[in-house]
Amino acid sequence: MKKIAVCIIFFFVLFGCKEKFNTKIPSPATGYLVVEGFISSGQSATEIMLTRSVKLYDSVDVIPEHNAVVNIESETNELFPLSETGSGVYTSDILSLDDAKKYRLQIRTQDNKEYLSDFATFKKTPDIDSISWIRDDNGVKIYINTHDPTNNTRYYHWKFEETWEFHSTYNSSLIYIRDQNFNPSGVTYRNVSQAPDTTIFKCWKTVNSTNITIGSSEKLSKDVIYLPLVSIEPASVELSVLYSINVRQYALSHEAYIFFQKVKKNTESLGSIFDAQPSDLQGNIHCVTDPSEIVVGYIDISEEKIKRIFINNSELPGWGYSQGCVQTILDNQPDSILKYGVGLSPMVPTALGPFGVIVKFSATPDQNCIDCTLKGTNMRPSFWP
């Protein structure tokens, strides 16, 4: 009985006394400035994202900071400007910074507030040795492999973009003919050639990494990294045709690693009474205009190293991707189409009469099954083989 009583009490403590949480931390109406990115030296341009924090109950996820003046500043007062190339994204030219100098980020927002990061020194990033993958009962897991023979790096950060080609389940060469009330009354060919519309059959989709991926070899005798980056579930669309992952690797200072470790815990590990509690996310960026203002972010100087791999569906026998599409056969007659074809998407003829007249045709209730552009783009990426 004692065990039952303890369980009941525990249940009510967890679920019986829920109240709306209102944080006591004051927040400006415009939100706190959030600064993401690295000062890059070498073969890649510096890309900095400026956004504003949002309240827990806000309906938007991101508020971009537009029209800011952003510069990289050296300790000898040289300035390297960044321009806004996206929604809150500021990009520089490709820079070869002096390894012997320190640099920082300088930001002036529309409300004339100035923000500066601490001066930082350049960290050389070792090459990515390889990106490998393993298939098991849980799908495919992709790993990063790197090392620093000088044992000087120790702290790493990775970002990546995944791109995959996918196809519609069915070809479509037909569209509906509609009457004056816009009801379907028959079908005709999409193209004069009567060939299937290939522009809606083959597509691509690209997604950027959202989780913070960091690693350290500080507890190892050698600076060697072998860590999982991505897990792809069995029979998923990503590996249905051809998949690519492009990994960007950065060396971190110890201070930057600690900062990103805190951010990772705060954003990915909270949600139960057993998780780590939120910690201060203030990094090395400060508001010069108002020193009491909180700024979220950490700016390090690092060389970017990039590596891409492809995985072909032919390397994964029995992958088993299916869109779950079904089709039905309809008579190409107004009454039949009005009764059975409303809400269906026509595909291809299944029976032809004299002079090539379409007598019957196939159709599917899910337009995604014939039009891949509803879930991606039909613009082939420049790097695609």
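The set of residues from the stretch 230-258 being assigned to a helix (DSSP H, G or I), more than 24 Å from residue 137 (Cβ to Cβ), open to solvent by 10 Å² or more (accessible area, probe 1.4 Å) and of a type outside the set (Val, Ile, Thr) comprises 254, 255, 257.
In this structure, is residue 362 in a loop (DSSP other than H, G, I, E, B) and either modelled with pLDDT of 95 or more or β-branched (Val, Ile, Thr) (or both)?
Working: in a loop (DSSP other than H, G, I, E, B): no; either modelled with pLDDT of 95 or more or β-branched (Val, Ile, Thr) (or both): yes.
No.
Being exposed (fewer than 13 other Cβ atoms within 10 Å of the Cβ) and either touching a helix residue (DSSP H, G or I) at 6+ places or on another chain (Cβ under 7 Å) or under 30 Å from residue 96 (Cβ atoms) (or both) is the requirement here; does residue 382 meet it? Taking the combined requirement at face value, the residue satisfies it. Of the residues making up the stretch 96-114, those that are in a loop (DSSP other than H, G, I, E, B) and open to solvent by 20 Å² or more (accessible area, probe 1.4 Å) number 9.
I'm told residue 109 meets every condition in (1) under 22 Å from residue 293 (Cα atoms); (2) at pLDDT 95 or above; (3) of a type in the set (Val, Ile, Thr); (4) within 25 Å of the chain's Cα centre (by Cα) except one. Can you identify the failing condition by its number? Here residue 109 clears every test but (4). Take residue 345 and tell me if it is at pLDDT 95 or above and touching a helix residue (DSSP H, G or I) at 6+ places or on another chain (Cβ under 7 Å). Spelling it out, residue 345 is indeed at pLDDT 95 or above and touching a helix residue (DSSP H, G or I) at 6+ places or on another chain (Cβ under 7 Å). Among the basic types (Lys, Arg), surrounded by 17 or more Cβ atoms within 10 Å (Cβ to Cβ), closer than 30 Å to residue 368 by Cα and in contact (Cβ under 8 Å) with a residue 12 or more places away in the chain: does that describe residue 190? For residue 190, the condition - among the basic types (Lys, Arg), surrounded by 17 or more Cβ atoms within 10 Å (Cβ to Cβ), closer than 30 Å to residue 368 by Cα and in contact (Cβ under 8 Å) with a residue 12 or more places away in the chain - is met. All told, residue 150 meets the bar of being of a type in the set (Ser, Thr, Tyr) and open to solvent by 60 Å² or more (accessible area, probe 1.4 Å).
Looking across the stretch 265-319, the residues that are in a loop (DSSP other than H, G, I, E, B), farther than 17 Å from residue 212 by Cα, at pLDDT 80 or above and over 23 Å from the mean Cα position of the chain (by Cα) come down to 284, 288, 289, 290, 291, 292, 293, 294, 316, 317, 318, 319. Does residue 162 qualify as being of a type in the set (D, E, K, R) and open to solvent by less than 30 Å² (accessible area, probe 1.4 Å)? Here the answer is yes, as residue 162 does meet what is asked. Residues in the stretch 316-342 that are in contact with a helix residue (DSSP H, G or I) (Cβ under 9 Å, 6 or more places away or on another chain), without any contact (Cβ under 8 Å) to a residue 60 or more places away in the chain and open to solvent by 70 Å² or more (accessible area, probe 1.4 Å): 326 alone.
Search the stretch 194-217 for residues being part of a loop (DSSP other than H, G, I, E, B) and open to solvent by 90 Å² or more (accessible area, probe 1.4 Å), and hand back the single one that is nearest to residue 385 (Cα to Cα). For the stretch 194-217, the residue satisfying everything is 210. For the stretch 353-379, the tally of residues that are free of Cβ contacts under 8 Å to residues at least 24 places away in the same chain and surrounded by 14 or more Cβ atoms within 10 Å (Cβ to Cβ) stands at 1.
Any idea which residue in the stretch 78-94 is modelled with the lowest pLDDT, counting only those that are touching a strand residue (DSSP E or B) at 6+ places or on another chain (Cβ under 6 Å) and in a loop (DSSP other than H, G, I, E, B)? Per the stated criteria, the residue is 87.
Selection of the stretch 281-302 for residues being open to solvent by 30 Å² or more (accessible area, probe 1.4 Å) and in contact (Cβ under 8 Å) with a residue 12 or more places away in the chain yields 281, 282, 286, 288, 289, 290, 294, 296, 298. Considering the stretch 40-71, the residues that are of a type in the set (A, V, I, L, M) and part of a loop (DSSP other than H, G, I, E, B) include one that is modelled with the highest pLDDT, namely 68.
Give the residues of the stretch 119-137 that are open to solvent by less than 70 Å² (accessible area, probe 1.4 Å) and either within 17 Å of residue 304 (Cβ to Cβ) or part of a loop (DSSP other than H, G, I, E, B) (or both), sorted by residue number.
Passing the criteria: 120, 122, 123, 125, 126, 128, 131.
Checking residue 172 against (1) in a loop (DSSP other than H, G, I, E, B); (2) open to solvent by 40 Å² or more (accessible area, probe 1.4 Å); (3) touching a helix residue (DSSP H, G or I) at 6+ places or on another chain (Cβ under 9 Å); (4) modelled with pLDDT of 95 or more, which test does it fail? Condition not satisfied by residue 172: (2).
The values are calculated or read from the model by the stated rules, or taken from the named source; none is laboratory data. As the structure is a prediction and not an experimental result, all values here were calculated from the model. Positions of Cβ are generated from backbone atoms using ideal geometry, with glycine treated the same way; all protein chains shown enter the neighbour counts. These area figures cover heavy atoms from the full protein model, side chains too; ligands, DNA and RNA do not enter into them. Shrake-Rupley method; radii C 1.70, N 1.55, O 1.52, S 1.80 Å.
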